[in-house]
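Asker: For reference, the structure I am asking about is given below.
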Amino acid sequence: MASKLSDDKKTSVLLVERGEWDTDPFIYNTSDWYYHWGMNPTPLYIHKYFGESEPRLNGKKPINLLSNMVGGCSSMNGMVSNSGSFIFDYEKWGEITGAKENWSGEIAKGLFKEFLDDFPIYFENRNRTWLNEIGQAIERSLGYQWNRDGYIHLDPSGYSTKQFWMTPMQRRISPYSQLLKDSKALETRCNLNILVNHRAVKMEYASNWKRQVVVTGVWIQNTQTKKRWFIKVRKEVIVSMGAVETPKFLQLNGIGDKGRLESLGIPVVVDSPGVGRNLQDHTEVFYLGRSVARSLVNITYTIRNSVIDGYTIFGPRNASTQGHKYLVNIDIIQRVGYVPTFACNIESNRPESRGYVEINSKDPLADPVIFTNYYSDPRDLEYVILGLQECVQVQEELTKMGVLDPSTPIPLGPQSTRSDYTNYIIATSMTDYHLSSTVRMGHSKDPSSPLDGNLQVKGLKNVRVVDASVFPFIPGANLATPLSLLSYQAAKLIKKSTTSN
């Protein structure tokens, strides 16, 4: 968004980044990203959030991650890009907000074309080892058909190889690297400044002649020296801190539930009870099944460690126009020191369960309370069971084809009961790191939505939110691409607003 806004030389943009520059070589190394960021995160670049105990997951406390580097989470995520159901999402958002001029299926198509022009998304080669066999098993056991251009045409029906934010040479792509760093935009745009190792802590308010509350400036703090600076605001403040930090920042600045804020001694600027509510996340269940037949063990190939690439299925099969409820990633993975093994991960795409994010302190450095409330709506569990059953069906078909070893012990198989599936899901469910929807946009007359259809904070004249927190409901896809489309549209809305004013 900073790149798109600073296209106009008359517009001055200051981007305040909490983290470091992207100097760590592991940022762009795709081969062992999961070990570096997921299993062994570096505190310099990653901040861990510990969620509340989940009552339906035997009290487990989910751990979520915040990226402390330029580019945000796109500099340390799994690099997966899928189209999900963008057209469905944008149509529904237009209905929910009453702003169909901003959010519609046709607008989504146009934004996606812009996105593809900017980002050379990498498509996995279908001829890679095992993919032909897996594709045959999917078609025979589940009836899904190959959909090579589903991503391009925003049609997630059928099954297809995965798409990645990386080059064919296996180098990570992020919005920062593609639009600012590698394009040399930072070197040529005097109207764009990036300030690293700083965080916004406090907004200053005043009233204009129309008696509207206006933010006149923002106090920012150096994360290393703790020194504070005051930044005067000429036009707008755009909050892009993510689904945890954005509601926290707004609540600390008097925008939230009146009773909660008063109990903490925070002066109320806007009584907005929806701030921090409506938290949604994609749960993920990882399944490791049968190993490859012994006669085929010596067939090896290169794969990104600890990642299921291969094929993606959006299910159920008849839901292409209604928004898919789950996805299944299927592959045979090659782990160092192990026999190649059949694997899936199942993601709850359209969760009905809702949680919350709320502060319990006035300290801007204290983490908020995060309660994701997984599976509080029983429909979410049902859809994950369906996805896991499809995974097992493909496993059994590959066994019949002679690809997998039938003697391998497996956690789930043809004889497994519903109770077996439920217990497996409860034991293995975790976050897919897709927290969203905590400062959702809605209709201008809806008191429960903190934002209107222009992404503006209701009750404030010149503050918008542009990040994963604004979605009325979580997109049915990995969030990197939906967030890019959102940023493109937000830049258009901001330019239109500042031009008209």
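The values are calculated or read from the model by the stated rules, or taken from the named source; none is laboratory data. None of these values were measured; they are calculated from a predicted model. Don't worry about glycine lacking a Cβ; one is built from the backbone with ideal geometry, like all the others, and counts go over all protein chains shown.
Asker: Given (1) in contact (Cβ under 8 Å) with a residue 24 or more places away in the chain; (2) over 17 Å from the mean Cα position of the chain (by Cα), where does G78 come up short, assuming only one miss?
Answerer: (2)
Asker: If you go through the stretch 486-496 one residue at a time, do you hit one that is in a loop (DSSP other than H, G, I, E, B), within 19 Å of the chain's Cα centre (by Cα) and under 21 Å from G276 (Cα atoms)?
Answerer: No, there is no match, as no residue in the stretch 486-496 is in a loop (DSSP other than H, G, I, E, B), within 19 Å of the chain's Cα centre (by Cα) and under 21 Å from G276 (Cα atoms).
Asker: Quick one: is T422 at pLDDT 95 or above and over 25 Å from G105 (Cα atoms)?
Answerer: Against the criterion (at pLDDT 95 or above and over 25 Å from G105 (Cα atoms)), T422 qualifies.
Here's the yes/no breakdown for (1) within 26 Å of the chain's Cα centre (by Cα); (2) at pLDDT 85 or above:
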| residue | (1), (2) |
| --- | --- |
| N125 | yes, no |
| S141 | no, yes |
| Y151 | yes, no |
| M166 | yes, yes |
| R211 | no, no |
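Asker: Scan the stretch 140-154 for residues that are touching a helix residue (DSSP H, G or I) at 6+ places or on another chain (Cβ under 7 Å) and either assigned to a loop (DSSP other than H, G, I, E, B) or outside the structural domain of I313 (by the TED database) (or both) and report the count.
Answerer: The number of residues fulfilling the criteria is 3.
Asker: Give me the strands (runs of 3 or more DSSP E) completely within the stretch 315-418, filtered to those with at least 1 residues that are in contact with a Cys (Cβ under 6 Å, 6 or more places away or on another chain), ordered by residue number.
Answerer: 326-333, 341-348
Asker: Only one of (1) in the same structural domain as M401 (by the TED database); (2) touching a residue at least 12 places away in the same chain (Cβ under 8 Å); (3) part of a loop (DSSP other than H, G, I, E, B) is not met by A137, so which one is it?
Answerer: The failed condition is (3).
Asker: Inside the stretch 449-485, can you point out the residues that are of a type in the set (A, V, I, L, M, F, W, C) and over 21 Å from the mean Cα position of the chain (by Cα)?
Answerer: Listed by number, the residues that qualify are V457, L460, V463.
Asker: I'd like the full set of residues that are among the polar types (S, T, N, Q) and under 16 Å from D257 (Cβ atoms), limited to the stretch 431-455.
Answerer: Scanning the stretch 431-455 gives T438, S448, S449.
Asker: Let me ask something else about it. Among the residues that make up the stretch 86-103, is at least one of them crowded, with 17+ Cβ neighbours inside 10 Å, in a loop (DSSP other than H, G, I, E, B) and among the hydrophobic types (A, V, I, L, M, F, W, C)?
Answerer: Checking the stretch 86-103: at least one residue is crowded, with 17+ Cβ neighbours inside 10 Å, in a loop (DSSP other than H, G, I, E, B) and among the hydrophobic types (A, V, I, L, M, F, W, C).
Asker: Testing R56 on (1) assigned by the TED database to the domain that holds W219; (2) over 21 Å from the mean Cα position of the chain (by Cα); (3) crowded, with 17+ Cβ neighbours inside 10 Å, one condition comes back false. Which one is that?
Answerer: Among (1) assigned by the TED database to the domain that holds W219; (2) over 21 Å from the mean Cα position of the chain (by Cα); (3) crowded, with 17+ Cβ neighbours inside 10 Å, R56 violates only (1).
Asker: Based on what the data block shows, is G453 in the same structural domain as S376 (by the TED database) and part of a loop (DSSP other than H, G, I, E, B)?
Answerer: It is false that G453 is in the same structural domain as S376 (by the TED database) and part of a loop (DSSP other than H, G, I, E, B).
Asker: Name the residue, out of D149, D155, that is under 19 Å from G84 (Cβ atoms), surrounded by fewer than 20 Cβ atoms within 10 Å (Cβ to Cβ) and without any contact (Cβ under 8 Å) to a residue 24 or more places away in the chain.
Answerer: Checking each option against the conditions leaves just D149.
Asker: Against the condition surrounded by fewer than 18 Cβ atoms within 10 Å (Cβ to Cβ) and not in a loop (DSSP other than H, G, I, E, B), how does K445 come out, does it pass?
Answerer: no
Asker: Name the residue, out of D271, D281, that is touching a Lys or Arg at 6+ places or on another chain (Cβ under 7 Å), charged (D, E, K, R) and modelled with pLDDT of 95 or more.
Answerer: From the options D271, D281, the qualifying one is D271.
Asker: I'm checking my understanding of the structure. Among residues of the stretch 460-485 that are part of a helix (DSSP H, G or I) and among the small types (G, A, S), which one is farthest from S174 (Cα to Cα)?
Answerer: S469
Asker: Residue pairs, Cβ under 6 Å, 6 or more apart or interchain, first in the stretch 229-257 and farther than 18 Å from M441 by Cβ, second assigned to a helix (DSSP H, G or I). List them.
Answerer: K235/T498
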